[in-house]
Amino acid sequence: MSVGGRIAQMREDLGLSQTELANKAGLKPPTISQYESGLRNPSYEALIKLSNALNVTTDYLITGKEIQASAITDPQTKILLHLLQRLPKGKKDTLLDYAIFLSRGTEIVEGPVFSDASDYANLWLKKVNASLPIDVHLIADQLGVKIIEEDLQMDYEGLLIKGERNLILLNRLFKSSHQRKKFTIAMLLGHIVLPWHVKTQYGVRKSNSSTLRTNDIEEIEATHFAAKLTIPSVHFEKDLAKKPTLDILKNLAYEKYDVSLFSMCNRLVEHAKDKHAVIQSEDGQIIETFPGKRLLKGTIPLQSKAVSFYYDLPKQEETRYSKLPATDWFEDGKLQEYVIEESIFNPKIGKVLTLLTVKTKDE
């Protein structure tokens, strides 16, 4: 079953119309129709909204439960079934003809086989006995991957070329931060590790693009892999024992995990979807979100400190705080709720990152 098929099935199981699901997810009804009919794939950001609205994980919407890892022990069969889900009918017929022609396979996949990207990230963390911060170059060495950084006339920030020896090319012309390069490498390693990613080349992050806006399922899976690889759950969940603030997350991101603050905030939202949301804005307009279960409004409240940056641009990185009614930020905000809003502006990036934390008046 396709991603669109799973969205339709879950919607029908919950007794929702396409319009009701759209309203619940903060999307438009025609968009839901296009997803379900297969005319277009949802972006990563849309998948997050849909998974929250349908009360399932994004991994479920991407992979489904057609492959039951406990019931199938042969690794080749698992990978073939995973690939089979994504093939159009014509290619399925070709694969069937070829399977009948073949008398035996030519390669055996070693080690355990999983159906989602997170498990592969955890597997490789164990294989290299990784400590923080995660060294993606060490994992690349273990995989026999060569990494080259050059000024390249290509539209990608990073490019994976599979061959006798896999090669990762990083484009210096993008002038990416160290943390962003690390995440790019982790994504490209994901395309190597995930056995159903079979293309010979994979590009990451075209100019003016975002991983949250991609609708390529394999790129979304590689993003999941990179997030779980660079911010391992076993460490991250312990670090959240204290109530996280933007300052705490910033310190963890740069001093302990060596990742971007945006990545760290996104992992927080994954961990506590009912309490947090992340917004990135530019010139007073929302450009991307990492939403939790609460439906965000489409515009930034005028009284938000995120807006204040664009009227008073600081020359150095600065964080501003405010306390707003939950109804200012969320469509389903309740009168007894409020939002702690923490917004940080970095002049080098030119964008505002805002972390929202929902609280009740009793807290």
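The values are calculated or read from the model by the stated rules, or taken from the named source; none is laboratory data. Quick caveat, the model's predicted, so the values are computed rather than measured. Don't worry about glycine lacking a Cβ; one is built from the backbone with ideal geometry, like all the others, and counts go over all protein chains shown. Just so you know, the surface numbers come from the protein's heavy atoms only, side chains and all, with ligands and any DNA or RNA stripped out. Shrake-Rupley method; radii C 1.70, N 1.55, O 1.52, S 1.80 Å.
Per-atom-type breakdown for the chain gives carbon and sulfur 51% of the accessible area (1.4 Å probe, protein chains only). Between H235 and Q316, the simple spin-label model (points 7 angstrom out along Cα→Cβ) gives 2.9 nm. Extension gain, T245 to Q153: 0.36 nm times the residue separation minus the Cα-Cα distance gives 29.1 nm.
Using a probe of 1.4 angstrom and keeping all protein chains present, the accessible surface of the chain works out to 52 square angstrom per residue.
Model label points for R213 and I161, set 7 angstrom from Cα along the Cα-to-Cβ axis, are 2.8 nm apart. Rolled with a 1.4 Å probe across the full set of protein chains, the surface gives D155 an accessible area near 70 Å².
With the simple spin-label model, which puts each label point 7 Å out from Cα in the Cβ direction, the D332 to Q9 separation comes to 2.4 nm.
Each of the peptides 13-20, 86-93, 53-60 was scored by the mean count of other Cβ atoms within 10 Å over its residues; in descending order, highest first, they stand as 53-60, 13-20, 86-93. Our compactness index for region 170-229, the C-alpha radius of gyration over the empirical 2.2 N^0.38 Å, is 1.07. Each stretch of four or more DSSP H residues adds -39500 (n - 2.57); spread over every residue of the chain, this sum gives -11500 deg cm²/dmol at 222 nm. Extent along the principal axes, Cα only, for region 154-269: 46, 30, 26 Å, with the longest axis given first. Local charge for K228 was computed over the other residues whose Cβ lies under 13 Å away, with Lys and Arg +1 and Asp and Glu -1, and equals -4.
Taking each residue as 0.36 nm, the span from L84 to L39 lengthens on full extension beyond its C-alpha to C-alpha distance by 14.3 nm. Semi-axes of the equivalent ellipsoid for the chain, computed as √(5λ) from the eigenvalues of its C-alpha gyration tensor and ordered from largest down, come to 35, 26, 19 Å. With contacts taken as Cα pairs under 8 Å and at least 6 residues apart, the chain reaches a relative contact order of 13 percent.
If R0 equals 51 Å, the separation of the Cβ atoms of K146 and D274 corresponds to a calculated FRET efficiency of about 0.70.
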